[in-house]
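Following: one structure in structure tokens, then a few remarks.
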Amino acid sequence: MAATIIDGKAFAARVRGQVAEHVARLKEVHGLTPGLAVVLVGEDPASQVYVRSKGKQTVEVGMASFEHKLPAETDQETLMALVEQLNSDPSVHGILVQLPLPDHLDEEAVLNAINPAKDVDGFHISNVGLLGTGQKAMVPCTPLGCLMMLREHHGSLSGMDAVVIGRSNIVGKPMAQLLLGDSCTVTIAHSRTKDLPEVVRRADIVVAAVGRPEMVPGDWIKPGASVIDVGINRVPAPEKGDGKTRLVGDCQFDSCAEIAGAITPVPGGVGPMTIACLLANTLTATCRAAGLPEPEGLTA
Ligand SMILES: Nc1nc(=O)c2c([nH]1)NC[C@@H]1CN(c3ccc(C(=O)N[C@@H](CCC(=O)O)C(=O)O)cc3)C=[N+]21
């Protein structure tokens, strides 16, 4: 195996350490405690696990954590009213509404009701526009975490060929904007892309964000390229026993690791960085709201 394994778990722990230092100083010097509110509608077990883990890490870095669990049948008005309440609560600096929402709810309307300054997911239309025009925005956590790992590994990304596989609003599109902001030549590939293997073979940086288990094999990868695997797919693992599952990414780890220069594992890669960046964004939102200088190295 030739590739450097980018340890997202260790990187995320360092980011949380930096966040915790800033939080301690905010408390001591300014009497400010950053607060993150997470809203979960419904009882999806995977979502509950993520929300619990976010809440635990929020408290560990010294922030206040507010969890709002609403039943699956919650109506639009009730959810919008909760968002309004959090918007006007001075102890809440960041708001995250866990996605996906149940089908009967209007996701776009809910996300756009969040005060953009508290929009730590970066999904509000004005943050999307700010990012797209290179202005100061709240940046989506997963792409921000991917960018941090790439910058750490490469230093400058200027002039590199980057291929983002997947065009979602949560990962693919903002990832492409961030890479463009760091002067990569960016291609966004998707399900209709002609000759995807050839497109991917041109890339110095591959970001796989499609949600299809192990769809990128090693022979699509240019030797020495950096592979960032955003996929978190739970698949059956009969070898572990009846009904057992395991997590795999969108890339075939072993074959890609033989050819790549660097690769993120699943689990232990992008996932932990996503949560660390959520905490970083909450810190950033708190500093901006208070008119204080932003933490260095924790923003795009
Ligand atoms: N508004 C919103 N913002 C989100 O950021 C958001 C969301 N909704 N809905 C759900 C997805 C999913 N998500 C993950 C974060 C961390 C891990 C993570 O840390 N995963 C571990 C493994 C966890 C396990 O073992 O299941 C890892 O990759 O090492 C996974 C998934 C954030 N999401």
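Out of all the residues in the range 193-248, which are under 18 Å from the mean Cα position of the chain (by Cα) and hydrophobic (A, V, I, L, M, F, W, C)? Result: Ile205, Val206, Val207, Ala208, Ala209, Val210, Val227, Ile228, Val230, Ile232, Leu247, Val248. Candidates Gly291, Gly243: the one that is of a type outside the set (A, V, I, L, M), farther than 21 Å from Thr4 by Cβ, outside any helix (DSSP H, G or I) and not assigned by TED's automatic domain parsing to the domain that holds Met149 is Gly291. Contact map, the range 238-251: residues that are farther than 17 Å from Glu214 by Cα paired with residues that are among the charged types (D, E, K, R), Cβ distance under 7 Å, separation 6+ or inter-chain. Pairs shown: Lys240/Arg246. So for the range 207-220 (the condition being without any contact (Cβ under 8 Å) to a residue 40 or more places away in the chain, away from the ligand (no atom under 14 Å from the Cβ) and over 30 Å from Ala46 (Cα atoms)), does at least one residue qualify? Among the residues of the range 207-220, at least one is without any contact (Cβ under 8 Å) to a residue 40 or more places away in the chain, away from the ligand (no atom under 14 Å from the Cβ) and over 30 Å from Ala46 (Cα atoms), which makes the answer yes.
Selection of the range 276-292 for residues being in contact with a Cys (Cβ under 7 Å, 6 or more places away or on another chain) and over 20 Å from Gly155 (Cα atoms) yields Leu278, Asn281. Reported count of residues in the range 1-46, each being charged (D, E, K, R), without any contact (Cβ under 8 Å) to a residue 40 or more places away in the chain and assigned to a helix (DSSP H, G or I), is 5.
Among residues belonging to the range 91-140 that are hydrophobic (A, V, I, L, M, F, W, C), in a loop (DSSP other than H, G, I, E, B) and closer than 18 Å to Pro174 by Cβ, point out the one that is farthest from the ligand (Cβ to nearest atom).
Checking each candidate, the answer is Ala137.
The set of residues in the range 81-97 that are of a type in the set (A, V, I, L, M, F, W, C) and surrounded by 14 or more Cβ atoms within 10 Å (Cβ to Cβ) comprises Leu82, Val83, Leu86, Val92, Ile95, Leu96, Val97. Output yes when any residue across the range 171-194 is out of contact with any helix residue (DSSP H, G or I) (no Cβ under 6 Å at 6 or more places or on another chain), closer than 30 Å to Arg288 by Cβ and within 16 Å of the ligand (Cβ to nearest atom), and no when none is. The answer is yes; a qualifying residue exists.
Filtering Thr58, Thr133, Thr78 for residues that are touching a Leu at 6+ places or on another chain (Cβ under 8 Å), of a type in the set (Val, Ile, Thr) and surrounded by fewer than 18 Cβ atoms within 10 Å (Cβ to Cβ) leaves a single hit, Thr78.
The values are calculated or read from the model by the stated rules, or taken from the named source; none is laboratory data. Note that the structure is a prediction, hence the values are computed from the model and not measured. Every residue, glycine as well, gets a Cβ built from its backbone with ideal geometry; the counts of neighbours run over all protein chains shown.
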